[in-house]
1. What is the number of the single condition among (1) open to solvent by 80 Å² or more (accessible area, probe 1.4 Å); (2) at pLDDT below 90 that residue 45 does not meet?
2. Scan the range 94-111 and give yes if some residue there is closer than 30 Å to residue 185 by Cα and in a helix (DSSP H, G or I), otherwise no.
3. Does residue 74 meet the test of being closer than 30 Å to residue 147 by Cβ and not hydrophobic (A, V, I, L, M, F, W, C)?
4. Would it be correct to say that residue 98 is within 25 Å of residue 60 (Cβ to Cβ), without any contact (Cβ under 8 Å) to a residue 60 or more places away in the chain, open to solvent by 50 Å² or more (accessible area, probe 1.4 Å) and of a type in the set (S, T, N, Q)?
5. Exactly one condition in (1) touching a residue at least 12 places away in the same chain (Cβ under 8 Å); (2) open to solvent by 60 Å² or more (accessible area, probe 1.4 Å) is false for residue 126; which is it?
6. Restricting to the range 56-87, name every residue that is open to solvent by less than 20 Å² (accessible area, probe 1.4 Å) and either at pLDDT below 90 or not in a helix (DSSP H, G or I) (or both).
7. Enumerate the pairs (first residue in the range 1-14 and outside any loop (DSSP other than H, G, I, E, B); second residue anywhere and open to solvent by 100 Å² or more (accessible area, probe 1.4 Å) and modelled with pLDDT under 75) with beta-carbon separation below 9 Å, excluding pairs fewer than 6 apart on the same chain, so at least 6 apart or on different chains.
8. Just a yes or no: is a residue in the range 142-153 without any contact (Cβ under 8 Å) to a residue 40 or more places away in the chain, touching a helix residue (DSSP H, G or I) at 6+ places or on another chain (Cβ under 6 Å) and open to solvent by less than 20 Å² (accessible area, probe 1.4 Å)?
Amino acid sequence: KEEANDYRYFPDPDLLPVELDDAFIDEATADLPELPDAMRHRFGEQYGLNDYDAAVLTASRATASYFETVAERSGDAKLAANWITGALAAALNKDIAQSPVSAEQLTGLLARIQDKTISGKIAKQVFDAMWAGEGGADAVIEAQGLKQITDSGAIEAIIDEVIANNAAQVENYRNAEPEKRGKMVGFF
């Protein structure tokens, strides 16, 4: 079969030809959502993301929406992208819409990282507790006493107390060979 006639295709004389005017086409395209390629390009330009992060975050509309909410509220798109593609993606084996950690809760966690209330390492503990349903970042930090101490005076007082309570270990440290001292510091 080489031609349309071979397939016995004949135009139906009762059907009128479809003619779409430009206004209808413009209206239909205005109602379309942003397409993934356009969104990926926009994420790269607007948020300064690399191609990989932009591709991962635009893989689904729900993930892209989640990211935009966190990025806009936290003010740090790269940090938001790192947490969503890292810890959240690792914990999540299903659609992001079913995540027990909402965009608002993740924004709260990022805010505590940004204002140096907690470190990145402690943030992972807080995230795990949030994932388990223990509440928002502030509630978990308070309940578990994870607030980072940044006052150098308070840190020095803690160090003095540890040294005073472990005089024998301090003496061993002072008498040890320099190459062995690195391992001994772990005790303190």
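1. (2)
2. Of the residues in the range 94-111, the ones closer than 30 Å to residue 185 by Cα are none.
No, the conditions are met nowhere in the range 94-111.
3. Values: closer than 30 Å to residue 147 by Cβ: yes; not hydrophobic (A, V, I, L, M, F, W, C): yes.
Here the answer is yes, as residue 74 does meet what is asked.
4. Values: within 25 Å of residue 60 (Cβ to Cβ): yes; without any contact (Cβ under 8 Å) to a residue 60 or more places away in the chain: yes; open to solvent by 50 Å² or more (accessible area, probe 1.4 Å): yes; of a type in the set (S, T, N, Q): yes.
Judged against the criteria, residue 98 is a match.
5. It fails just one condition, (2).
6. 58
7. Partner pairs satisfying both residue conditions: 4/10; 7/1.
8. no
The values are calculated or read from the model by the stated rules, or taken from the named source; none is laboratory data. Computed from a predicted model, the values in this text were never measured in an experiment. In this analysis, Cβ positions are derived from the backbone assuming ideal geometry, glycine residues included, and neighbour counts consider all displayed protein chains. Quick note on the areas: whole protein, heavy atoms, side chains included, nothing else; ligands and nucleic acids left out. Shrake-Rupley method; radii C 1.70, N 1.55, O 1.52, S 1.80 Å.
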